[in-house]
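The next block holds one structure in the form of structure tokens; read it before the comments.
The values are calculated or read from the model by the stated rules, or taken from the named source; none is laboratory data. Everything quoted here is computed from the prediction, not taken from an experiment. Backbone-built Cβ (ideal geometry, glycine too); neighbour counts: all protein chains shown. Ligands, DNA and RNA are stripped out before the accessible areas are found, and what is left, the full protein with its side chains, is counted by its heavy atoms. Shrake-Rupley method; radii C 1.70, N 1.55, O 1.52, S 1.80 Å.
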Amino acid sequence: MAEGVQGIEAFIAGMPKAELHVHHVGSASPRVVAELAARHAGRTEVPADPEALAKYFTFTDFAHFIEVYLSVVDLIRDAEDVRSLTYGVAEDMARQNIRYAELTVTPYSSTRRGIPDVAFMEAIEDARLAAERELGVVLRWCFDIPGEAGLASAEETARLALDLAPAGLVSFGLGGPEIGVPRPQFKPYFDRARAAGLHSVPHAGESTGPETVWDAIRVLGAERIGHGTQSVKDPALVDYLGEHRIPLEVCPTSNLATRVVERIEDHPIRQMVDAGLLVTVNSDDPPMFGTDLNTEYAVAAKLLGLDETGIAALARNAVEASFLDQAAKRRLTGEIDAYLAGWGATA
Ligand SMILES: [Zn+2]
């Protein structure tokens with residue numbers, strides 16, 4: 001077991017993985033952005049040259065991150081852009097041996113900008129089916145409300161989720177800033193989504209305290225918590241999360257980039273695991289935070305002092321916490337187990 005860092009990294013890279021907290025536009029890698037920028041050359045300030053893009057993606061601070069994020073949003077102008085982005089994200093996932101992902105999509109940002117709703121749904125579904133067929137990456141959607149855009153965006157997201165429900169849609173979420181955007185106001189939309197059979201997965205306890213996680217559970221019916229970083233500050237909440245097996249979608253590097261934690265060593269993932277919580281590891285907006293899922297597993301392994309067996313257990317957590325059906329869960333868990341066993345035999 002006493003292998004070098006490289007051994008662990010190779011193990012993680014080859015391991016079949018599931019990811020539960022990762023955003024659609026936020027997953028656009030420089031490669032994908034270059035493709036979009038080339039298509040809109042002359043009508044965007046985003047460079048299409050990969051080297052210039054790498055520089056463009058080097059964030060100086062959080063405000064700069066937001067600026068770059070919005071300029072990428074601005075490149076998603078028609079259904080073909082949506083399809084390229086989605087398929088490009090799946091290609092980047094395939095390279096990391098991600099077999100299954102619940103991708104958080106914010107359809108409101110696209111329909112508000114004039115992409116027809118039906119064309120948007122067809123584009124993501126077309127990319128989803130192609131990704132499964134050609135890349136072996138199974139995608140499912142979480143449609144999320146951009147909280148900062150208010151109740152009108154919630155109404156529109158609920159309409160899109162319920163009236164146009166694409167086949168891959170499994171859950172309903174809430175993203176954006178938490179400060180100044182109380183969770184309870186979104187209750188009617190979550191009620192409708194849940195009544196239609198969608199799972200509830202709001203972001204909570206990222207930049208605000210444990211009370212936001214309580215709101216997410218009690219008011220929005222959260223079945224999983226996006227981040228939940230601050231949960232450890234409330235022992236009663238930790239007990240509740242443990243007792244009800246409510247998983248946390250932990251995104252360590254994102255929490256550092258947005259200064260939810262000051263230093264990565266301060267991340268409460270260790271407390272979460274020690275308390276017996278169902279912890280999953282995720283990348284959130286990977287290229288924007290200079291990371292990917294493999295890196296997040298390496299970060300978590302270091303913080304938790306895990307060897308290959310422990311890392312595989314984390315990967316199994318993501319499968320357990322996913323919205324796959326039982327047969328698909330067993331298959332993917334079986335792949336992880338076989339990989340671990342094979343690694344032990346060859347290492
Ligand atoms: Zn997120």
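Laid out as a table, the results:
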{"item": "Unmet criterion (only one of (1) within 16 Å of the ligand (Cβ to nearest atom); (2) farther than 17 Å from Val22 by Cα; (3) at pLDDT 95 or above; (4) not in a helix (DSSP H, G or I)) for Arg245", "result": "(1)"}
{"item": "Boolean, Ala257 is within 12 Å of the ligand (Cβ to nearest atom) and either β-branched (Val, Ile, Thr) or open to solvent by 40 Å² or more (accessible area, probe 1.4 Å) (or both)", "result": "yes"}
{"item": "Check on Glu148, modelled with pLDDT under 95, assigned to a helix (DSSP H, G or I) and of a type outside the set (Ser, Thr, Tyr)", "result": "yes"}
{"item": "Residue within the stretch 208-222 that is modelled with pLDDT of 95 or more, more than 14 Å from the ligand (Cβ to nearest atom) and acidic (Asp, Glu) present", "result": "yes"}
{"item": "Within the stretch 79-101, tally of residues that are over 21 Å from the mean Cα position of the chain (by Cα) and open to solvent by less than 60 Å² (accessible area, probe 1.4 Å)", "result": "1"}
{"item": "Selected residue [more than 17 Å from Asp81 (Cα to Cα) and either open to solvent by less than 10 Å² (accessible area, probe 1.4 Å) or touching a residue at least 24 places away in the same chain (Cβ under 8 Å) (or both)] from Glu148, Glu132, Glu122", "result": "Glu148"}
{"item": "Residue that is nearest to the ligand (Cβ to nearest atom) [pool: residues in the stretch 260-273 that are open to solvent by 30 Å² or more (accessible area, probe 1.4 Å), modelled with pLDDT of 95 or more and in contact with a helix residue (DSSP H, G or I) (Cβ under 7 Å, 6 or more places away or on another chain)]", "result": "Ile264"}
{"item": "Test result for Arg112, without any contact (Cβ under 8 Å) to a residue 24 or more places away in the chain and of a type in the set (Lys, Arg)", "result": "no"}
{"item": "Selected residue (criterion: farthest from the ligand (Cβ to nearest atom)) from residues of the stretch 274-325 that are among the acidic types (Asp, Glu) and crowded, with 20+ Cβ neighbours inside 10 Å", "result": "Glu308"}
{"item": "Residues of the stretch 174-230 classified as β-branched (Val, Ile, Thr), farther than 26 Å from Asp325 by Cβ, outside any helix (DSSP H, G or I) and open to solvent by less than 50 Å² (accessible area, probe 1.4 Å), total", "result": "3"}
{"item": "Ser71 of a type in the set (Ser, Thr, Tyr), crowded, with 21+ Cβ neighbours inside 10 Å and under 24 Å from Thr258 (Cβ atoms)", "result": "no"}
